[in-house]
Amino acid sequence: MTPSELALQLGKLATQRLPFSVMIWGAPGVGKSSIVAEVAAANGLELVDLRLSQLAPTDLRGLPVAEEGRSRWYPPEFLPTTGNGILFLDEINMAPPAMQGVAQQLILDRRVGSYRVPDGWLIWAAGNRRTDKAAVFDMPAPLANRFIHFDVEPDATSFRRWCLEHRVDERINAFLAFRSTLLHKVDVNTPAWPSPRSWAVASRLLAADVPIAASVGAGAAAEFNAFCTVYGNLPDLDAIAAGKGDHFTFPAEPSARYATVIGLSDRARDAEKAIASLQWLLDRADPEWMQLLLVDCLPVIRGSRQFGAFARLAAENPAIRSFMAEARDLAIS
């Protein structure tokens, strides 16, 4: 499933507080941890994020302390004792078998040593697959059978939407719309390679004027830098979004077209700018470019509670109303 689909399904589990243990499988850098964090925040849940590969069994079980002639296990302070939340066991299958054994007790019995997981807490976990070229251990069958399992794959549309919502540098968003194969490309021969996580880091590096090769690798960075040359020659996107783009033409070169539409999507955060951008494309471009704009900007407009205003303005514009009706009919058919 895509990251957007994973967020939707996890959101249902969190909203209904369904007490199933969850295992999320996916490649490194695809966004598993950030999706869990966002689902927790959206549902008002606390989050305790434990990287099991970095812990020893005593870190989770606690330490034995003599008390009145007997040993008592004192649990670590980071384990929750009250409230409602998600206990997230990340990198679970990168942990050695001894550590997985302790985690198995926590997941199967909701307790380990003298510690008991509070009733208001969900237990979710995540890990990489062997096919992801990750150093993982096999998960014991009894532990695997206790989970419900979700597999998540990189998805360019989901990541574009995430970029728009989180204000990732629009050049990165436009570049990955044009070169989607570079969204996630594992390279075992270099420590830096492109993934959704490393592109998000690259956005912050760009803001700090630091070369992004340190995050996404030299090859992806070289292609991105060449794309930025094209980006510098785009029409005035701010003027177009403001409804003042009559004298600008839609670029002929494919990469520039992607850059233009994604740049307009980044600006179309309210109803009036979205309508102005859509009208400009409607007068100059083929329908697929308007569809790309709508796919990217409508979720952001809904999130900003502008969709009612957008629908009203679209209904008042005969050309846009006709285009959206045709697009809806095509989607249904």
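The values are calculated or read from the model by the stated rules, or taken from the named source; none is laboratory data. Keep in mind the model is a prediction, meaning the values are calculated, not measured. In this analysis, Cβ positions are derived from the backbone assuming ideal geometry, glycine residues included, and neighbour counts consider all displayed protein chains.
State all residues of region 112-127 that are free of Cβ contacts under 8 Å to residues at least 12 places away in the same chain and loosely packed, with under 14 Cβ neighbours inside 10 Å; if no residue qualifies, say none. Outline the logic, then answer.
Filtering region 112-127 down to residues free of Cβ contacts under 8 Å to residues at least 12 places away in the same chain leaves 116, 119.
Within region 112-127, just Asp119 meets the criteria.
Specify which of the listed residues (Leu50, Leu18, Leu60) is assigned to a loop (DSSP other than H, G, I, E, B), at negative phi and of a type in the set (A, V, I, L, M). Show your work before the answer.
Values: Leu50 fails: assigned to a loop (DSSP other than H, G, I, E, B); Leu60 fails: assigned to a loop (DSSP other than H, G, I, E, B).
Answer to the check: Leu18.
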| Checking Gly245 against (1) touching a Phe, Trp or Tyr at 6+ places or on another chain (Cβ under 8 Å); (2) among the small types (Gly, Ala, Ser); (3) closer than 22 Å to Trp162 by Cβ, which single condition isn't satisfied? | (3)
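Conditions tested, residue by residue: (1) in a helix (DSSP H, G or I); (2) loosely packed, with under 12 Cβ neighbours inside 10 Å; (3) hydrophobic (A, V, I, L, M, F, W, C).
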{"site": "Thr249", "(1), (2), (3)": "no, yes, no"}
{"site": "Arg257", "(1), (2), (3)": "yes, no, no"}
{"site": "Ala276", "(1), (2), (3)": "yes, no, yes"}
{"site": "Gln279", "(1), (2), (3)": "yes, no, no"}
{"site": "Phe310", "(1), (2), (3)": "yes, no, yes"}
| In region 224-249, what residues are in contact with a helix residue (DSSP H, G or I) (Cβ under 8 Å, 6 or more places away or on another chain) and closer than 21 Å to Ser180 by Cβ? | Phe224, Phe227, Cys228, Val230, Tyr231, Leu234
| With Asp238, Asp209, Asp187 as the choices, which residue is surrounded by fewer than 17 Cβ atoms within 10 Å (Cβ to Cβ), closer than 18 Å to Ile262 by Cα and in the same structural domain as Leu292 (by TED's automatic domain parsing)? | Asp238
| Which pairs have Cβ atoms under 9 Å, sit 6 or more apart or on different chains, and link a residue in region 277-297 that is in the same structural domain as Arg257 (by TED's automatic domain parsing) and without any contact (Cβ under 8 Å) to a residue 24 or more places away in the chain to one that is of a type in the set (A, V, I, L, M) and in a helix (DSSP H, G or I)? | Asp283/Ala319
| said: Can you tell me which condition Ala285 does not meet? The list is (1) surrounded by fewer than 21 Cβ atoms within 10 Å (Cβ to Cβ); (2) of a type in the set (A, V, I, L, M, F, W, C); (3) at pLDDT below 85, and all the others hold. | reply: (3)
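I'd like the full set of residues that are touching a helix residue (DSSP H, G or I) at 6+ places or on another chain (Cβ under 9 Å) and more than 18 Å from Pro235 (Cα to Cα), limited to region 250-291. Lay out the reasoning, then the answer.
If we filter region 250-291 for residues that are touching a helix residue (DSSP H, G or I) at 6+ places or on another chain (Cβ under 9 Å), which is where we start, we get 250-251, 253-283, 285, 287, 289-291.
Hits for region 250-291 are Arg269, Asp270, Ala271, Glu272, Pro287, Gln291.
Would you please name the residue that is modelled with the highest pLDDT, looking only at residues in region 128-139 that are surrounded by 15 or more Cβ atoms within 10 Å (Cβ to Cβ) and in a loop (DSSP other than H, G, I, E, B)?
Residues of region 128-139 surrounded by 15 or more Cβ atoms within 10 Å (Cβ to Cβ): 128, 132, 134, 136-137, 139.
Keeping just the survivors that are in a loop (DSSP other than H, G, I, E, B) gives 128, 134, 136-137, 139.
Details: Asn128: 83, Ala134: 64, Val136: 70, Phe137: 71, Met139: 77.
Ranking the candidates gives Asn128 first.
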| field | Residue satisfying condition, being touching a residue at least 60 places away in the same chain (Cβ under 8 Å) and touching a strand residue (DSSP E or B) at 6+ places or on another chain (Cβ under 7 Å), within set Leu89, Leu45 | value | Leu45
| remark: Being exposed (fewer than 14 other Cβ atoms within 10 Å of the Cβ), under 30 Å from the mean Cα position of the chain (by Cα) and either at pLDDT 85 or above or assigned to a loop (DSSP other than H, G, I, E, B) (or both) narrows Gly29, Gly44 down to just Gly44
| task | Give the residues of region 143-198 that are outside any loop (DSSP other than H, G, I, E, B), of a type in the set (A, V, I, L, M, F, W, C), closer than 22 Å to Leu6 by Cβ and touching a residue at least 60 places away in the same chain (Cβ under 8 Å), sorted by residue number. | result | Ala144, Ile148, Phe150, Val152, Phe159, Trp162, Leu164, Ala177
| remark: Of the residues in region 140-152 that are surrounded by fewer than 19 Cβ atoms within 10 Å (Cβ to Cβ) and out of contact with any strand residue (DSSP E or B) (no Cβ under 7 Å at 6 or more places or on another chain), the one that is nearest to Thr181 (Cα to Cα) is Ala144
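Provide a single number: the residues in region 209-242 that are part of a loop (DSSP other than H, G, I, E, B) and either under 30 Å from Pro28 (Cα atoms) or of a type in the set (A, V, I, L, M, F, W, C) (or both).
Our first condition is that a residue be part of a loop (DSSP other than H, G, I, E, B); within region 209-242, this holds for 209-212, 217, 232-236, 242.
From the residues that got through so far, the ones that are either under 30 Å from Pro28 (Cα atoms) or of a type in the set (A, V, I, L, M, F, W, C) (or both) too are 209-212, 217, 234, 242.
Summing the residues that are part of a loop (DSSP other than H, G, I, E, B) and either under 30 Å from Pro28 (Cα atoms) or of a type in the set (A, V, I, L, M, F, W, C) (or both) in region 209-242 gives 7.
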| Number of the condition not met by Leu205 [criteria: (1) hydrophobic (A, V, I, L, M, F, W, C); (2) modelled with pLDDT of 85 or more; (3) under 17 Å from the mean Cα position of the chain (by Cα)] | (3)
| Would region 294-308 turn up any residue that is over 25 Å from Gly232 (Cβ atoms) and more than 26 Å from the chain's Cα centre (by Cα)? | yes
